[in-house]
Amino acid sequence: MVFKIPFINHKQPEIIPEHSGENTPEHIAIIMDGNGRWAKNKGLLRTAGHKEGLSTLVKIVKAAVNCQVKMLTLYTFSTENWKRPKAEVEFILKLPKQLLDVYLPDLIANNVRINVIGDMHDLPKYTLDAMQYAIDRTAHNTGLELNFALNYGGRDEILKAIKDMYADVKDTKLSMDEVNEQIFSKYLYTAKMPEPDLLIRTGGEKRLSNFLLWQLAYTEFWFTDVLWPEFSEADFLCAIEQYKQRNRRYGGLSN
Ligand code: IPE
Ligand code: IPE
Ligand code: MG
């Protein structure tokens, strides 16, 4: 499949595995990790790693469009990432604006719809404005749904959901007897989203780091030591191909 409008500065990967559309995961979530280590290995500042990571992000969004993945959710900034030095936090939180200033026309032309999940309260205005503009401009697009997890934490999300649900019970909009998994899910940031089929984590760590704790209950995990700035389209397609070999049983028996 040909990408309709080429992304600017896109580096072509060397080897791209054969890709067929059958059994492609509909929703892929990615923990984009390893930017800092990539920079350190090269004797650069950590921020250089985040900048390079942005190029990878563009490349992988393009790959997801080409593979007709329906939804891509990217862990961009966690509720715990505020612990980092202020300059690094600011640099990361400026990246959405940098990305959208350059690529929003490409994303629109490729029918990508942008969304955000996380606690928007503590985010700087430049991040919020850039995201809101992109959300509004892409609201009617029907292609890839691209979700940025920004100031997102799984525990924070679950607590918020419990509080909102409790408020509805108090207001008699909801009865406690009605509450089940489906109803609870509607109080999460991901209320309108399907659960991820595949979770990719780059950078070698084998943990969730507070990402989508509720939603990943039956997701297939795929880990790689490759650092995010070096993650290629070929790696992405490899994860998808391996996902297709998995037998998802959901606690039942295989067919
Ligand atoms: C992931 O890369 C990006 C964010 C967490 C925002 P890191 O910055 O965590 O890179 P490492 O893990 O230190 O190499
Ligand atoms: C997870 O990476 C958060 C994002 C990729 C945004 P971290 O680098 O923050 O995770 P830990 O600290 O290694 O668990
Ligand atoms: Mg990290």
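The values are calculated or read from the model by the stated rules, or taken from the named source; none is laboratory data. The model shown is predicted, which means the values in this text are computed figures rather than measured ones. Backbone-built Cβ (ideal geometry, glycine too); neighbour counts: all protein chains shown. All accessible areas refer to the heavy atoms of the entire protein, side chains included, with ligands and DNA or RNA removed. Shrake-Rupley method; radii C 1.70, N 1.55, O 1.52, S 1.80 Å.
What the table shows:
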| read-out | value |
| --- | --- |
| Largest to smallest accessible area among Ser185, Ser55 [probe 1.4 Å] | Ser55, Ser185 |
| 3J(HN,Hα) from dihedral phi, segment 140-157, Karplus parametrisation 6.51/-1.76/1.60, rounded to Hz, x for glycine, proline | 9, 6, 10, x, 3, 8, 10, 9, 9, 8, 10, 6, 9, x, x, 5, 4, 5 |
| For segment 123-219, size of Cβ-based charge dipole, Lys and Arg +1, Asp and Glu -1, in debye | 320 |
| Gain on full stretching of the segment that runs from Glu241 to Leu213 - 0.36 nm per residue minus C-alpha separation | 7.6 nm |
| Percent carbon-and-sulfur accessible area, the chain, ignoring ligands, DNA and RNA, probe 1.4 Å | 52 |
| Under 19 Å from the Glu90 label point (7 Å along Cα→beta-carbon), backbone N, segment 124-166 | 124-130, 151 |
| Exposure of Tyr218 as accessible area (Å², to 10), given a probe of 1.4 Å and all protein chains | 120 |
| Highest-fluctuation residue, Leu237, Leu128, Leu44 considered, GNM on the chain with Cα pairs under 10 Å | Leu44 |
| Principal axis box of the chain, alpha-carbon based, largest edge first, Å | 57, 51, 36 |
| About the Cα centre, charge dipole magnitude for the chain (Lys/Arg +1, Asp/Glu -1 at Cβ), debye | 540 |
| Charge dipole of the chain about the Cα centre (unit charges at C-beta), most positive-ward option of Ala109, Thr24, Phe91 | Phe91 |
| In sequence order, calculated HN-Hα J values of segment 55-60 (Karplus, 6.51, -1.76, 1.60; Hz; x Gly/Pro) | 5, 5, 4, 4, 4, 6 |
| Within segment 230-253: backbone nitrogen closer than 20 Å to the Asn41 label point (7 Å, Cα to C-beta) | 230-239 |
| Helix-derived mean residue ellipticity, 222 nm - over the chain, DSSP H n ≥ 4, -39500 (n - 2.57), to 500 | -13000 deg cm²/dmol |
| Accessible-area order (highest first, 1.4 angstrom probe) of the listed residues Lys244, Lys163 | Lys163, Lys244 |
| Segment 165-219: projected area of the alpha-carbon convex hull, averaged over directions, in nm² | 4.8 |
| Cα gyration tensor, segment 58-99 - rounded (a/c under 1.5), prolate or oblate | prolate |
| Placed amide H near Asp119: partners under 5 Å, 5+ positions off or other chain | Tyr152, Gly153 |
